[in-house]
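A short worksheet on the structure shown next.
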Amino acid sequence: IDKSNQLEDINLGIGVSYNHDDTRWNTTDVDLTNFSNLKNLKKLEIRSIDHTLIKNLSNLENLEDLEIVNPFMITKDKNSDDGTIHEPLTENDFDFLKDSKKLRKLKIYFPRFWGDEKINITISKFLNLLNQDLEEIMISCDYAKEELNLVHAWYSGLINKFKQIKKISLSVQC
């Protein structure tokens, strides 16, 4: 993919699959490292990718529309055969966004389905990575009951930082 220099739009629905007979999951490593070579890339959609691979994105300077949906996280509850347990996503995993100065639309559905799928994002630092001229944002995440106050940090951060914002969708579950 990263050698297809004219690509403007990528939609990847790869990364995790479920074997329902064994109720087990399989992940597929996808090398995102060289996506920085795609200088015409304007839209990127990634679904169900192993969440540790997100940090391999970089220098997506012309990106206008980014959608990351349900990054897959191996948690203790999933009983990994090799003992793998992923750390929660942090704002550092999204550091590549600081280079995406043309970003207008952002949609992120953070890991949130299993009991111990968590994020550990400092909201203000995450929002500071984003283009101030962002027009649309959709965030979906999950917090434990004692962390539900973080919805206020998301909301106030969104309405105070983005002056050109036209559409906000914020979904915080418990």
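The values are calculated or read from the model by the stated rules, or taken from the named source; none is laboratory data. In this text, all values refer to a predicted model and were calculated from it rather than measured experimentally. Cβ placement follows ideal geometry from the backbone for every residue including glycine, while neighbour counts extend to all protein chains displayed. Areas reflect the complete protein model, heavy atoms only, side chains present, ligands, DNA and RNA absent. Shrake-Rupley method; radii C 1.70, N 1.55, O 1.52, S 1.80 Å.
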Search result, residues across region 100-113 that are open to solvent by less than 70 Å² (accessible area, probe 1.4 Å) and either of a type outside the set (A, V, I, L, M) or over 23 Å from residue 64 (Cα atoms) (or both):
100, 107, 109, 110, 111, 112
Subset of region 139-150 (residues that are open to solvent by 70 Å² or more (accessible area, probe 1.4 Å) and without any contact (Cβ under 8 Å) to a residue 24 or more places away in the chain)
146, 149
Odd one out for residue 116, checked against (1) over 16 Å from residue 70 (Cα atoms); (2) surrounded by fewer than 21 Cβ atoms within 10 Å (Cβ to Cβ):
(1)
Using the structure shown, decide if residue 7 is in contact (Cβ under 8 Å) with a residue 12 or more places away in the chain, within 21 Å of residue 129 (Cα to Cα), part of a loop (DSSP other than H, G, I, E, B) and in contact with a Leu (Cβ under 7 Å, 6 or more places away or on another chain).
no
Would you check if residue 40 is assigned to a loop (DSSP other than H, G, I, E, B), modelled with pLDDT of 90 or more and polar (S, T, N, Q)?
yes
Would you check if there is a residue in region 87-99 being open to solvent by 10 Å² or more (accessible area, probe 1.4 Å) and modelled with pLDDT under 95?
yes
Here is a check on your reading of the model: is residue 128 within 23 Å of residue 34 (Cα to Cα) and surrounded by 12 or more Cβ atoms within 10 Å (Cβ to Cβ)?
no
Among 167, 78, the single one that is of a type outside the set (Gly, Ala, Ser) and modelled with pLDDT of 95 or more is 167
Which count do you get for residues in region 151-174 that are aromatic (Phe, Trp, Tyr) and open to solvent by less than 100 Å² (accessible area, probe 1.4 Å)?
2
Any idea which residue in region 66-75 is farthest from residue 133 (Cα to Cα), counting only those that are at pLDDT 95 or above and buried (at least 17 other Cβ atoms within 10 Å of the Cβ)?
68
